[in-house]
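A.B. asks: Have a look at the structure that comes next, please.
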Amino acid sequence: ANEASERVVLMLGEYGILHLHRGPALAAINSAAERGVKIQILAKLHRRTIRFFRDLHENVMVRHSDDVESQGALMDNEEVLQMLNIESNPVGRGKEDAALSVVSKQFAISQANLIDAVWPEAIPFDQAEKRFTEQQIVDPLRIEIETINAMQPNENPSIAIQILNFPG
């Protein structure tokens, strides 16, 4: 994060925030946010760890997704860091961790496209926090309406069927 100039995205699994609280990582993320670097965290929040996210700088954007299992980072669409071996016990993490560092603009852009596709579907932190701390679901209701027209060839539509889907 100290070397980032434009954007840093962190993907944090259920206990990934605990890694930021060890060593200088949290300070580096907050410092980058203060410098104006766009910091996004896509995390799988957990009721036991949600309090640690409050230590992030106010400019850090955090969203929750139940689908985030991996630990990794993207910096400036240039570098990707992917954790490879994470211990199952969150208390003992860090002893046996290994990571793959990829410095490739093409690979980083591919990862950025994936993150950018997931980001809008993830739940903003303030809504997710209420879900975990107050047991309230405050997510906006999303409804998809699909209209199917049943018609014979060379005829006007005779039947229109609307299907309501409630995603998630």
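A.B. asks: Give me the net charge for the shell around I39: Cβ to Cβ below 14 angstrom, other residues only, Lys and Arg +1, Asp and Glu -1.
C.D. replies: -2
A.B. asks: Leaving out ligands, DNA and RNA, what percent of the accessible area of region 1-121 is carbon and sulfur, probe 1.4 Å?
C.D. replies: In region 1-121, the share of accessible area belonging to carbon and sulfur is 49 percent.
A.B. asks: Hey, another quick one. When the Karplus curve 6.51 cos²θ - 1.76 cosθ + 1.60 is applied with θ = phi - 60°, which whole-Hz ³J(HN,Hα) does each residue of region 55-72 get, with x for Gly and Pro?
C.D. replies: 3J(HN,Hα) across region 55-72, in whole Hz: 7, 7, 4, 4, 7, 6, 8, 10, 10, 9, 9, 5, 8, 7, 10, 8, 10, x.
A.B. asks: Give the whole-number value, in cubic angstrom per residue, of the convex hull volume spanned by the C-alpha atoms of region 1-73.
C.D. replies: About 75 Å³ per residue, rounded to a whole number.
A.B. asks: If you don't mind, another one. With θ set to phi - 60°, apply the Karplus curve 6.51 cos²θ - 1.76 cosθ + 1.60 along region 76-84 and write out the HN-Hα couplings as whole Hz, x wherever there is a Gly or Pro.
C.D. replies: With the stated coefficients, region 76-84 comes to 6, 6, 10, 10, 10, 10, 10, 5, 9 Hz.
The values are calculated or read from the model by the stated rules, or taken from the named source; none is laboratory data. For clarity, every value in this text was computed on a predicted model and none was experimentally measured. Note that each Cβ is placed from the backbone with ideal geometry, even for glycine, and that neighbours are counted across all protein chains shown. Accessible surface areas use protein heavy atoms only, side chains included; no ligands, DNA or RNA. Shrake-Rupley method; radii C 1.70, N 1.55, O 1.52, S 1.80 Å.
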